[in-house]
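Note sheet for the following structure.
The values are calculated or read from the model by the stated rules, or taken from the named source; none is laboratory data. Here the structure is a predicted model, which is why all the values come from computation and not from measurement. Note that we place each Cβ from the backbone using ideal geometry, even for glycine, and neighbour counts take in every protein chain shown. We work out accessible area using only protein heavy atoms, side chains counted, and drop any ligands, DNA or RNA first. Shrake-Rupley method; radii C 1.70, N 1.55, O 1.52, S 1.80 Å.
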Amino acid sequence: MSAPSTVDAGLTSEKGRALFSYLPRYYETSRVMQADMQAKGVEMDLLYHALDETLAQFFVRTATWGLDFWEQELGIETDRLKPVDQRRAVVESKLRGAGKFSGRLVTNVAEAYAGGKVDVTFQPEAWSFTVSFVDTMGIPPNIDDLKRAIEELKPAHMAVEYEYRYLVWDDLDNKQMTWDELDAASLTWNELEVWA
């Protein structure tokens, strides 16, 4: 293994090292050229980071500060106190929610919020439908946003019900745990209900 060159020791900028690699080898020992490439490289690193950060705002799943613009464009009230993933779910749901009302449309919107599989079943004789959360244990954290989105989608004459999934005794029996092992988990009743 060869000893590190003076370039490795003097350049901490990724782009600076790349720039320096284009120069003739006799500049390897030049502190002036290393300082020059380091300064230019740092600026290029910042530029590329800013470009990547800006590009990320064009996609809902990677947007952070750009969510404000998405929300404004879609007429969604901005709530910066909500976690970013919940704000993204609201925007994504609104984007998915365009079109003719159907079970598939409700499923697409609900899965954007729940982050897991959702089943939608219709009861036409009762003018209602049910949204069942298959993969999510308990109540999803942003259920109020989901309820508002579905209220905007559904026809006014239809009722909607939500079914949540909780741990049942059969699921607990399938874990084949002793009472001592379960007691050692130190779960409250609310934690046990959604324990997977």
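Descriptive notes on the structure:
- Highest mean packing first, where packing is the average number of other Cβ atoms within 10 Å per residue, the peptides 127-136, 58-67 line up as 127-136, 58-67.
- Structure-derived percent of Cα pairs over 26 Å apart - corresponding label in (i) 42; (ii) 50; (iii) 59: (iii)
- Surface accessible to a 1.4 Å probe, per residue, for the residues of the chain, Å²: 67 Å²
- Percent accessible area from carbon and sulfur atoms, the chain, protein chains only, probe 1.4 Å: 56 percent
- Taking the charge dipole of the range 16-103 about its Cα centre, with +1 at Lys and Arg Cβ atoms and -1 at Asp and Glu Cβ atoms, the residue from Phe101, Gly41, Thr29 reaching farthest to the positive side is Phe101.
- Close amide H partners of Arg165, meaning residues 5 or more places away or on another chain with modelled amide H under 5 Å apart, are Phe133, Gly138.
- Under the shape rule built on the C-alpha gyration tensor, where the axes satisfy a ≥ b ≥ c, the range 111-179 is prolate, since a/c reaches at least 1.5 and a/b is greater than b/c.
- Cα gyration tensor category, rounded, prolate or oblate, for the range 63-167 with a/c compared to 1.5: oblate
- Between helix 31-56 and the chain there is an angle of about 20 degrees, using the helix long axis and the longest principal axis of the Cα atoms.
- Ellipticity estimate at 222 nm from DSSP helix runs (n ≥ 4, -39,500 (n - 2.57)) divided over the chain, nearest 500: -15000 deg cm²/dmol
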